[in-house]
Amino acid sequence: MSDAIWKAVDAYVTELLVGEDLAQARTLSDSEAAGLPSIAVSAPHGKLLYLLARLRGAKQILEIGTLGGYSAIWMARALPAGGRLISLEREPRHAEVARANIARAGLEHAVEVRVGAALDLLPALAAEQRDAFDLVFIDADKASIPEYFDWALNLSRSGSLIVVDNVVRRGAVIDAESADPNIIGVRRFNERVASEPRVEATTIQTVGSKGYDGFTLALVV
Ligand code: SAH
Ligand code: DHB
Ligand code: MG
C-alpha cells in the first residue's frame with residue numbers, strides 16, 4: 001500500500017462523490033500558479049469540513065491558516081444566509097490569492113480574510129463581542145496548535161466543533177523524543193486535549209493525495 005494507490009482512490013472518490021466545482025478547482029490551480037505550497041486539504045477532506053459544518057448547522061466559522069482559500073471555500077459553502085467565516089492568514093500574498101479565489105467562488109459577502117500572525121489577531125477577535133464560533137478549523141503553523149486550541153475553546157460554546165489538521169504527520173506524532181517543533185506542538189496539544197474536561201475528542205488517521213496524516217475532532221461539551 002503506497003501513496004500511489006491513496007492518490008488514485010482520492011481521485012476516484014473526488015470524481016464520483018465530492019462534487020468539486022470549477023471555482024474550487026481554479027482555487028487550487030491559481031494557488032499553485034501563484035507559487036503557494038500545495039498543502040491545502042484534499043478534496044474529500046474539504047467535503048468533510050463542509051459536511052461537518054452542515055451537520056453542526058454552523059453559522060459562524062473560524063479558520064486559522066487560509067493559504068489560497070480552498071478549505072475556506074468548502075466551509076463557507078455550508079453557511080446559511082447571513083452566516084460568516086473569518087480566516088486568519090499571516091502571509092499577505094496568500095491572503096491576496098485567497099481573496100481572489102473567494103470572490104470568484106461568489107463568497108466575498110460571507111468570508112473575511114484577516115492578515116497577520118494568528119496569535120496577534122485572536123485577542124482582537126475575542127474583544128469584538130461577536131457570536132461564538134460553531135466550527136473552528138485549526139490549520140496554520142503546528143508549533144502553536146495548543147495556543148490556537150485555547151483560543152478556539154474561548155471563542156466557542158457548548159456544541160461547537162474544533163477540527164485540527166495535520167496531527168499525525170506520517171506517524172511522527174508518537175515520537176516523544178522528537179526535536180521537530182511541529183511534532184512538539186502537536187504532542188503538547190494532545191496532552192492539553194487529554195486533560196481538558198470541556199471537550200470530548202478523537203483523532204482519525206488518514207491516507208490520501210496528501211500522504212499519511214490525520215485530524216483531531218474535539219466537541220465542546
Ligand atoms: N487551510 C488551508 C491550508 C493552510 S496551510 C487549506 O486547506 O486550504 C497553512 C497556512 O497557515 C499558510 O498559508 C501559512 O502562511 C499560514 N500560517 C502559518 N503560520 C501562521 C500564523 N502564525 N498565523 C496565521 N497564519 C499562519
Ligand atoms: C503543512 C501544513 C499543512 O497545513 C498541511 O496540511 C500539510 C503540510 C506544512 O507546513 O508542511
Ligand atoms: Mg493542513
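The numbers here are math on the coordinates, done by the rules we state, and not lab data. If you're wondering where the values come from, they're calculated on a predicted model, not measured in any experiment. Ideal geometry is used to build each Cβ from the backbone, glycine not excepted, and the neighbour counts take in all protein chains shown.
Just a few scattered comments:
- LYS59 long-range amide H proximity, modeled H, under 5 Å: ASP134
- Volume per residue of the convex hull around the Cα atoms, evaluated for segment 118-221, comes out as 98 Å³.
- Built from the Cα atoms of segment 1-57, the convex hull projects on average onto 5.0 nm², one quarter of its surface area.
- For GluC sites (Glu not before Pro), the sites in segment 153-202 that DSSP calls loop and that have at most 11 other Cβ atoms within 10 Å are GLU177.
- Residue-by-residue Karplus 3J(HN,Hα) for segment 5-18, coefficients 6.51, -1.76, 1.60, Hz, glycine and proline x: 6, 4, 5, 5, 5, 4, 5, 5, 5, 5, 4, 7, 10, 6
- Interchain or long-range residues, amide H under 5 Å from ARG114's placed H: SER87, LEU88, GLU89
- Two-decimal ratio, the chain, of alpha-carbon radius of gyration to 2.2 N^0.38 Å: 0.96
- Alpha carbon centroid spacing (whole Å) that separates segment 97-113 from segment 115-158: 20
- Overall form of segment 45-136 per C-alpha gyration tensor (a/c, 1.5; a/b vs b/c): oblate
- For segment 29-134, GluC sites (Glu not before Pro) are listed when DSSP marks them as loop and at most 14 other Cβ atoms sit within 10 Å of their Cβ; the list is GLU108, GLU128.
- Cα gyration tensor shape for segment 104-143, rounded if a/c is under 1.5, else prolate or oblate: oblate
- Dipole magnitude for segment 2-155: about 360 debye, using +1 per Lys or Arg Cβ and -1 per Asp or Glu Cβ, origin at the Cα centre.
- Working from Cα pairs under 8 Å separated by at least six residues, relative contact order for the chain is 20 percent.
- Only lysines eight or more places from LYS7 in sequence, or on another chain, were considered; those with a Cα closer than 26 Å are LYS47, LYS142, LYS210.
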